[in-house]
Structure formats: structure tokens, C-alpha cells
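Asker: Here's a structure for you.
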């Protein structure tokens, strides 16, 4: 079974999450299929990719598959080689625009994945929540930077500290979403936007996207500061609150962060 469905329409491609029974949770298997889908699009020189879920579902994605997070207290839950990180890098480095078409709720790591798309088009049902604080996960520096590149600092802090969803209207006002359109028009609007982009210079767009990625990531940190950040994170994921957060999620109860 493939956890993504891939098709090419005109000169743009559509990748659809296909794990509805698990609310499109971003498992290693789904990310593997997602990366293969992007590789397929690149081989076929697809000039815009739309990332979406089925219109039937109320959850675009439930985020990182928590059942796959490490349960011992020595491993970094968001290491460089984590499948979620690999999937996000595939989106960021794809040499053409990636548009997230969002109907429904977006949670946790899926929120990180969505904000790394070049544009987000949503309908009034869409909400966005970044939820590591619910699990006791010390989010990684690159993930925090992704949000700082998208929204003002105080909004990013609110999202990370409260883990509460931001609704469609506010998501558009703070810059998470490019456009909110009526639910019945979401697919047509997004597909027409992709067709319009396909009429522009693909070489120009590819180099501008890569420049934007490099410039946005150009925050110099000296080695001592980087080691300090990693030590801060290590104290959390090797601590009891992280283990309690993951256990509570899997047991479907409220965590007891004492």
C-alpha cells in the first residue's frame, strides 16, 4: 500500500496523503512515500506541486506519528535523520513551488511541514497547531526557525507555548496562510494558481526559491552557542516530562507534568 497518491495534471503535480485511518499521521512509511513522490515529480520536471489530503477528511494531518518517537531517554526525538526532517527538507529543496492545499486541521509536525511549503491555500475549516509542549518534546532549532521565518516572534511563541490551534481567519492575518477561499472553491482556486505559476519561467522561479531558502537560513550561530542549544534540548528529551508526555499520548490521557 502506498501512503501517498501521485498524479500529474497539465504541468503541475498533486501529492495526496493516503493514510486516512490514522488521520494522515506522518509515519516513516508515509514520509518514505512522500519523498518518492517528490523524486517522481522532479524526474518528470513538474513545475508546481500541490500537497493535499483527501477532501473527505477533516484532518489534513495529525502530525508526527507519536508511536514512532523514541521511548528511551537517550535518543533525540527530532534528530537530523528523523523521517519528518527528511520530508521537510524534500519540500524545501524541491526545485519548484510546493503549495499546501489545506482543508481541515493541521497538527504538530504537520504544521511544521505546511509552513515549509512555499504557499498555503486554505478554506475556513483549516486550523494550525504546533504541539511539542503537549508531549514534552524540545523542538529542534531548525523547526523553530521555520516558524520565525513565517510569523512574528510573539505569534511563534504563542503557538509553541500554548499548543492551541490558530483558526483560518487568524492564520491568514498573521501570514501563515496566503489565501482563505470558500470550501467549495478550494481545489479549483489552488489548481488554477498552479496553472498560472506553470506559465512563468521555471528557471527563474527555481533559482529564486533556492536563494530564498539560503537567505532565510542564514542565521549565524557560533559553535559554543550551538552546543548550548543542544545541551538544553538534551536535558529535556532525557528527562521525565518527555517520557511522561509520550506515554500519556499513547494511553490517551492528560500528561502529568510535575
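Asker: With respect to residue 50, determine if the residue is part of a strand (DSSP E or B), closer than 24 Å to residue 175 by Cα, at pLDDT 95 or above and touching a helix residue (DSSP H, G or I) at 6+ places or on another chain (Cβ under 7 Å).
Answerer: Values: part of a strand (DSSP E or B): yes; closer than 24 Å to residue 175 by Cα: yes; at pLDDT 95 or above: yes; touching a helix residue (DSSP H, G or I) at 6+ places or on another chain (Cβ under 7 Å): yes.
Yes; evaluated as a whole, the condition is true for this residue.
Asker: A further question on this structure: For segment 78-193, which strands (runs of 3 or more DSSP E) that fit wholly inside it have 2 or more residues that are farther than 29 Å from residue 67 by Cβ and in contact (Cβ under 8 Å) with a residue 12 or more places away in the chain? Spell out the reasoning first.
Answerer: Working: elements: 98-102, 105-107, 119-122, 127-129.
Filter on segment 78-193 gives 119-122.
Asker: Hey, among the residues in segment 155-173 that are surrounded by fewer than 18 Cβ atoms within 10 Å (Cβ to Cβ) and touching a helix residue (DSSP H, G or I) at 6+ places or on another chain (Cβ under 7 Å), which one's farthest from residue 59 (Cα to Cα)?
Answerer: Per the criteria, the residue is 161.
Asker: If the requirement is being over 15 Å from the mean Cα position of the chain (by Cα) and under 16 Å from residue 113 (Cα atoms), which of these qualifies: 37, 55? Show your work before the answer.
Answerer: Working: 55 fails: under 16 Å from residue 113 (Cα atoms).
Answer to the check: 37.
Asker: So, restricting to helices (runs of 4 or more DSSP H) that lie completely within segment 201-258, which ones have at least 2 residues that are free of Cβ contacts under 8 Å to residues at least 40 places away in the same chain and within 30 Å of residue 117 (Cβ to Cβ)?
Answerer: On the way: elements: 202-216, 223-237, 240-250.
Filter on segment 201-258 gives 202-216, 223-237.
Asker: Return the residues of segment 4-24 that are touching a residue at least 24 places away in the same chain (Cβ under 8 Å) and out of contact with any strand residue (DSSP E or B) (no Cβ under 7 Å at 6 or more places or on another chain); say none if nothing qualifies.
Answerer: First, the residues of segment 4-24 that are touching a residue at least 24 places away in the same chain (Cβ under 8 Å): 4, 6, 8-18, 20, 22-24.
Passing the criteria: 8, 9, 10, 11, 20, 22.
The values are calculated or read from the model by the stated rules, or taken from the named source; none is laboratory data. Just so we're clear, the structure is a prediction, and the values are computed from it rather than from any experiment. No Cβ is skipped: glycine too gets one built from the backbone with ideal geometry, and neighbour counts run over all protein chains shown.
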